[in-house]
1. When the residues of segment 68-81 are narrowed to those that are out of contact with any Lys or Arg (no Cβ under 7 Å at 6 or more places or on another chain) and surrounded by fewer than 16 Cβ atoms within 10 Å (Cβ to Cβ), which ends up modelled with the lowest pLDDT?
2. Looking only at segment 150-164, count how many residues are surrounded by 11 or more Cβ atoms within 10 Å (Cβ to Cβ) and either among the acidic types (Asp, Glu) or modelled with pLDDT of 95 or more (or both).
3. For segment 1-46, give me each residue that is of a type in the set (Ser, Thr, Tyr) and loosely packed, with under 11 Cβ neighbours inside 10 Å.
4. Identify all residues within segment 92-102 that are modelled with pLDDT of 70 or more and either within 28 Å of the chain's Cα centre (by Cα) or under 23 Å from residue 29 (Cα atoms) (or both); write none if there are none.
5. What are the residue pairs meeting all of these: first residue in segment 133-153, first residue within 11 Å of residue 2 (Cβ to Cβ), second residue outside any strand (DSSP E or B) and of a type in the set (D, E, K, R), Cβ atoms under 7 Å, and 6 or more apart or on different chains?
Amino acid sequence: MKLIRIDRSTIRKNPLAGRTVVLVPGQRSATFSLRFIAPPKEMQKWADVFTEMINGADCRVFHTFFNNGTVVIEASIEAAADPKELASRVRARINKEPILAFRGIEAKMEQEVDRRSRMGGEPRFLFEHENPILACDNCGGRFKRTELQSDCMDYGDGDEIFSDTICPLCGEWNCCELEFERLKPEMVAHLE
């Protein structure tokens, strides 16, 4: 069994300590409404061009439709993405096309908020565990702890098994035994 120690440099007071309900930012989504005039035969082509521009590492388009001469593109975006920057990128592309009569762009942003309840309240201290190199008991491969994979199998009769120690190299379930160090009073005495 491998002991995964607490990284002492990460121990800190939890500003939400004791709270039983915490609001956590959820998925962000943006809706881009592009209004321009183009020949009817070219509307789909331009919708595809703008969808491709918006779709990227920080943004994933999930719906595109037409509404009275407006192309509406709906996308989910990463927390760090800036919808105004995406809108200005699209606007710059439209301005380069003489065939399009640009009428405007609107970017609307929404963010879900998840409500997390915790009996007994949030912990007084936060910390992270170290990320040591581990070895798979099956294939002998070496990898960092954070590279371990998780999965769940449902047998259909209500029974399911879960593993969060799946080898990233050979796929073996429960490829290593881990024990996580627990926070002790002497570790946080300097923070009291």
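The values are calculated or read from the model by the stated rules, or taken from the named source; none is laboratory data. Model, not experiment: these values are computed from the prediction. FYI the Cβ positions are ideal-geometry reconstructions off the backbone, even for glycines, and counts take in every protein chain you see.
1. We begin by selecting, within segment 68-81, every residue out of contact with any Lys or Arg (no Cβ under 7 Å at 6 or more places or on another chain); these are 68, 71-74, 78, 80-81.
Filter again for surrounded by fewer than 16 Cβ atoms within 10 Å (Cβ to Cβ), leaving 68, 78, 80.
Numbers: 68: 70, 78: 65, 80: 58.
The qualifying residue modelled with the lowest pLDDT is 80.
2. 2
3. First pass over segment 1-46, keeping only residues of a type in the set (Ser, Thr, Tyr): 9-10, 20, 29, 31, 33.
Residue satisfying the conditions is 9 alone.
4. 92
5. Correct list of pairs: 134/145.
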